[in-house]
Structure formats: C-alpha cells, structure tokens
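The values are calculated or read from the model by the stated rules, or taken from the named source; none is laboratory data. What you see is a predicted model, and the numbers here were worked out from it, not measured in a lab. Quick reminder, even Gly has a Cβ in these numbers, built from the backbone with ideal geometry, and neighbours come from all protein chains shown. To get the accessible areas, we keep the full protein, side chains included, count just its heavy atoms, and leave off ligands, DNA and RNA. Shrake-Rupley method; radii C 1.70, N 1.55, O 1.52, S 1.80 Å.
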Amino acid sequence: MTVTPHSDEARPGDGLVKAGGIVFIAGAVATLATMAPLFLDVDPFPSYAWAVCMLMGVGFAISAAGVLRSAAAQRRAARASQESPGVSG
C-alpha cells in the first residue's frame, strides 16, 4: 500500500525543489545575458558575471537534493506502513 498525500499538502523536499528551480532560472537568465554581448558585437561582461552563470548548476543540485529528500521520506513512510499492523480487508 502506498501513501499518497493530498495535493495541497507540502511534502518533504518540495521547498528545495522550488528554491532550486528559482535559482536555476536565475542562472539561465544570467547565462543568456552574458552570452548576448558575444552575438551583439559589444564589450563582454567581466568575469564575475560569468560566475553568476554557475547558478544553473547550483539550482540543479538544490533541486536534486529536494527530490532525494522526498524519495527518502516516501521510502520511510512505506516502511512504516508495512511494519505497523494493518487492517486486513
């Protein structure tokens, strides 16, 4: 038997996935902004602007941590439901 929470309930890891998505999008926008001068024949941004592009990887890692946390919580809930005496039906 699987434990399925209601859609309006916050599950473990949901906040990390949302935060990771926001950080990833910020990194993607930064990447587009730093790549644009290369195609528009203007002076490129300084190197610290390129470091902001690394937010894409950081956001991905944060989201992956959220997914792993959610999976671990679901695994724990499944084990707990199997170990507790269930109602036979």
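Being open to solvent by 50 Å² or more (accessible area, probe 1.4 Å), among the aromatic types (Phe, Trp, Tyr), in a helix (DSSP H, G or I) and modelled with pLDDT of 90 or more: is that true of residue 39 here?
It is false that residue 39 is open to solvent by 50 Å² or more (accessible area, probe 1.4 Å), among the aromatic types (Phe, Trp, Tyr), in a helix (DSSP H, G or I) and modelled with pLDDT of 90 or more.
If the Cβ limit is 6 Å and pairs must be 6+ apart or interchain, which residue in region 56-79 that is free of Cβ contacts under 8 Å to residues at least 24 places away in the same chain and among the polar types (S, T, N, Q) pairs with which residue that is outside any helix (DSSP H, G or I) and open to solvent by 50 Å² or more (accessible area, probe 1.4 Å)?
Once the first residue is free of Cβ contacts under 8 Å to residues at least 24 places away in the same chain and among the polar types (S, T, N, Q) and sits in region 56-79, no partner that is outside any helix (DSSP H, G or I) and open to solvent by 50 Å² or more (accessible area, probe 1.4 Å) comes close enough.
What pairs come up if the first residue lies in region 31-49 and is in contact (Cβ under 8 Å) with a residue 24 or more places away in the chain, the second is surrounded by 13 or more Cβ atoms within 10 Å (Cβ to Cβ), and their beta carbons are under 6 Å apart, counting only those six or more places apart or on different chains?
Short answer, once both residue conditions are applied: 31/53.
Anything in region 18-36 that is open to solvent by 60 Å² or more (accessible area, probe 1.4 Å), of a type in the set (A, V, I, L, M) and either under 30 Å from residue 71 (Cβ atoms) or not in a helix (DSSP H, G or I) (or both)? List them, or say none.
22, 25, 29
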